[in-house]
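Okay, structure first, notes after.
Derivation of every value follows stated rules applied to the coordinates shown; laboratory data play no part. Predicted model, so just to flag it, every value in this text is computed and none were measured. Because the Cβ atoms are built from the backbone with ideal geometry, glycine has one as well, and the counts that use them run over all protein chains shown.
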Amino acid sequence: MKLVQTHIPGFPRIGAARELKFALERFWRGELSESSLLETGSKLRAQHWEMQRQQGLDFVTVGDFALYDHVANHIQLFGCEPERFGFRGSETPLARYFAMARGDGAHESCACGQNGAALEMTKWFDTNYHYLVPEFSAGTEFALHSEQLLAEVAEARAAGHPVKVALLGPLTFLWLGKVRDAGAATADAAAGGAHDARLDLLERLLPLYSRLLVQLRAAGAEWVQLDEPILGLDLPNAWRNAFEPAYWLLSQSGTQLMLATYFSPLEENVSLACRLPVAGLHVDAVRAASELTSLADWLPAHKVLSIGIVDGRNIWRTDLDAALATLMPVLAKRSGAVWLSTSCSLLHVPYSLAAEPALDNELRSWLAFAEEKLAELALLKTALSADERVSGQAARGFAAARAAHASRRTSPLVHNAGLRARVAALAAEKAPDRRHSPFADRQRQQQARLKLPAFPTTTIGSFPQTPHIRAARAAFKRGELTAAVYEQAMREEIAHAIREQEVLGLDVLVHGEAERNDMVEYFGEQLDGFAFTANGWVQSYGSRCVKPPIIYGDVQRPQPMTVGWAEYAQSLTAKPVKGMLTGPVTILQWSFVRDDQPRDATAWQIAAAIREEVRDLEQAGIGIIQIDEPALREGLPLRRSRWDAYLAWATKAFRLSAAVAGDATQIHTHMCYAEFNDILPAIAALDADVITIESSRSAMELLGGFARFRYPNEIGPGVYDIHSPRVPGSEEMAALLRKAAKVVPPAQLWVNPDCGLKTRAWPETTAALQNMITAARQLRKEMELS
Ligand code: GLN
Ligand code: ZN
């Protein structure tokens, strides 16, 4: 039998007990010294490597650790920090690092002309991790600062570990960045044009990579993994063509290179990836399962094929028998070495099931977090490498996996026959995802019912989550408050929010979401089929972590989830109160989703549950219902060729939840955090009566797309940014509205902030809303609409 080795593309860094988060936050508050923070880092690395070795990996991965963000690490490694973060020259590298991440408060109000704004943050491919966007300029010069990385290699070597260093490949690193003052060139490239200012920097960057590779080899790194996940994107030709010469140059370093791809099939880049002059290729055998056979055929025999067979993006236990059945034929074909791995870095899954003693035992047996995934790799390796038949511990491991998968296939926790029958009945209805009448008819009926003025004013749902509210919820969760007392406290918050809105003079009120911790968790906790972990934290950015729910079974709504609160709020006012729901796609997108049925099947089930809530809200007399879908866009597949299929089921899930509403009930949706212009047809296909969207930061530029597309329904472009405590004046908001009214017919426009107000405090909230209402009144006057 062949010698199979195991490794992982990367490991979570936040720590089993979020040690890094707490150390960072203490450091930022000035309660922890720099050296203690650095020591926390090196302790975590040591622990993580130790775990990798204990679980039998053949290499530990070095270079995946970052105090804040791995892309920010590369910015320092290659000495391309924007000048504004170090102009005095006296800052320590760590101070500059955090200035890039969090902004440099020191210059906010000084007259030096330096703008200390943090680097922009954006999503890491299709994950919920956010990285800091490198800022280049045409004149960017790179300088190698490898001290920290080499020190980490030395740490691992001193602990006796065989080392594989993981780095972003040069092309992916440049791709992730943007070139300042070259917006046109970058846009040109994104549109498939030939010139991209980022690519111009490659020539300057490559010699540093070469030097670094030589240094790493001399420092004892046996392998260097270069991550090039952009090979799974629709790459412009200029970028594809840059790979061969670049890697030819890097191969001269003599260092063994493992080119790593993940998250998406390689498609037209399969042969390019196989051809590059590297010693090994890592592929995602979960997301690109169908390419494994051709890769096994095409990758030259002298190269290592690293097969990412264990899912690094989800939390389900691997079906080891199925994995072996996939691996055996590949191994049989290949004369060269084969490695086993997780599909991608484990950054995207929680640390260990050991921290979940309270989880239902059966459910727990179906799961594998980072630590358990390492053990799965070891089991697969044993099964593939053993000369004799798999015996002892490994056999027990296989048997346990088999039993878990058998129980998951049949468990009543997962499979709910009654629910399936109901969803089937829904599917049998005539066009269950279509509203009764076309928009124009609905609009007339809604106007007759709601009698709203032109430029109606509203908010996106949440009002400030005050420390008082959070303390009440925490006490309730700890069992220190009875349900009745907690409910009363929340009712008082709702009454307060309604009062404030009435005094302000808003047209459409909301109850304020005081009772909600999080817009997904709140619904997940009330739906069957969802589980919540105690410590299943995943890094979102820097010290911020999220704890995504686990959707393990058929989803159903045992009882109404929001009706009581909405009814109560409506009872306090004669103005319409907007009911507030999270949409099926967003619930799906921000959870770990079951992998034993297609994603769309789970989306339908959630949609059916939300649909029941819409129906109940309507029956309770709520005339406006908002179904938030801020995550609709981020669910887009990385490959454009897969967009249509996704958008078809995602928009259908939304419509399924909304279309139960009668014509006179106004359905709103809300979206934020994204660029929407490339999915406008899908947004229109939602057929919401009103969409509110984030647009103040782009000064309404977003609306151009809506105008060109002739978006047919009503739109509320956000007129102020809720991410900052700044209170914009009414004239500033009126100017934005005038701009909006130039491109969208004024009769279609709503007036609202960019997003929910839960992170704000009350004083700035009422001040900003007051100005917003003044702006709306001003516009009504100017446009002679009332
Ligand atoms: N209704 C939610 C709120 O106001 C919407 C949040 C969001 O879009 N992210 O908080
Ligand atoms: Zn929002």
Highest average packing first - 30-38, 761-769, 453-461, 300-308, Cβ atoms within 10 Å | 453-461, 300-308, 761-769, 30-38
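For LYS742 and SER290, FRET efficiency with R0 = 45 Å and r from the beta-carbon atoms, rounded to 0.05?
Details: r = 49 Å, r/R0 = 1.08.
For R0 = 45 Å, the calculated efficiency reads 0.40.
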At HIS415 and ALA354, where each label point lies 7 Å from the Cα along Cα→Cβ, what is the point-to-point distance in nanometres?
-> 3.5
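Looking at the calculated P(r) for the chain, what percent of the C-alpha pair distances fall above 33 Å?
Values: 172227 of 308505 pairs.
Cα-Cα pairs in the chain separated by more than 33 Å: 56 percent.
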Which ³J(HN,Hα) values, rounded to whole Hz and listed in residue order, are derived for the stretch 402-417 from phi using the Karplus coefficients 6.51, -1.76 and 1.60 in 6.51 cos²θ - 1.76 cosθ + 1.60 with θ = phi - 60°, glycine and proline given as x?
-> 4, 5, 4, 5, 5, 5, 5, 5, 10, 4, x, 5, 8, 10, 10, 5
Selection from PRO229, LEU216, LEU205, by position along the positive dipole direction of the stretch 192-247 (Cβ) | LEU216
Using the alpha-carbon atoms, what tilt in degrees (0 to 90, nearest 10) does helix 34-54 show relative to the longest principal axis of the chain?
-> 60
Any chance you could give the angle, 0 to 90 degrees and rounded to 10, that helix 237-251 forms with the longest Cα principal axis of the chain?
-> 30
Mean separation of Cα contacts under 8 Å (at least 6 apart) over the residue count of the chain, i.e. the relative contact order in percent, is 11
Fewest Cβ neighbours within 10 Å first, please rank HIS145, HIS74 accordingly.
-> HIS145, HIS74
Residue among SER385, GLN445, ALA421 farthest towards the positive dipole end of the stretch 380-450, charges placed on Cβ = GLN445
Whole-Hz Karplus couplings 3J(HN,Hα) for the stretch 506-517, θ = phi - 60° and coefficients 6.51, -1.76, 1.60, Gly and Pro as x, run 5, 8, 10, 9, 10, 7, x, 6, 4, 6, 9, 6
Sites MET328 and ARG449 - FRET efficiency at Förster radius 51 Å, r taken between beta-carbons, to 0.05 | 0.20
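With 10 angstrom as the radius, rank VAL563, VAL349, VAL593 by how many other C-beta atoms surround their C-beta, starting from the fewest. Before the final figure, lay out each step's value.
Details: VAL563 17, VAL349 26, VAL593 22.
Final ranking by Cβ density, sparse to dense: VAL563, VAL593, VAL349.
Does the stretch 402-549 come out rounded, prolate or oblate by the C-alpha gyration tensor, with a ≥ b ≥ c the root eigenvalues, rounded set by a/c under 1.5 and, if not, prolate when a/b is larger than b/c and oblate if not? It would help to have the intermediate numbers written out before the result.
Numbers: a/c = 2.24, a/b = 1.16, b/c = 1.94.
Cα axes put the stretch 402-549 in the oblate bin.
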Rank-order 290-296, 64-70, 483-489 by packing density, defined as the average count of other C-beta atoms within 10 Å over each peptide's residues, highest first.
-> 64-70, 290-296, 483-489
The ³J(HN,Hα) series, computed from each phi in the stretch 123-132 with the Karplus coefficients 6.51, -1.76 and 1.60 at θ = phi - 60°, rounded to the nearest Hz and given as x for glycine or proline, is 6, 6, 6, 9, 9, 9, 8, 10, 10, 8
5 angstrom amide H check on ALA166, placed H, neighbours 5+ away = VAL62, GLY63, ASP64, GLN225
Arrange the following residues from fewest to most other Cβ atoms within 10 Å of their Cβ: ASP311, ASP321.
-> ASP321, ASP311
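As a test of the formula, what do you get for the chain when each DSSP H run with n ≥ 4 contributes -39,500 (n - 2.57) and the sum is divided by the residue count, at 222 nm and rounded to the nearest 500 deg cm²/dmol? Let's see the in-between values first.
On the way: 29 runs with 342 residues, N = 786.
Estimated from H runs of four or more residues: -13500 deg cm²/dmol.
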List every residue whose amide H lies under 5 Å from the amide H of ALA117, counting only residues 5 or more places away in sequence or on a different chain, with H placed 1.01 Å from N in the peptide plane.
-> ASP104
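Please give the peptides 363-373, 615-625 ranked by average Cβ packing (other Cβ atoms within 10 Å per residue), highest first, as a rough proxy for protection.
Going by the mean number of other Cβ atoms within 10 Å, highest first, we get 363-373, 615-625.
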Residues meeting the amide H criterion for GLY79 (H placed from the backbone, H to H distance under 5 Å, 5 or more places apart or on another chain) are ALA143, HIS145
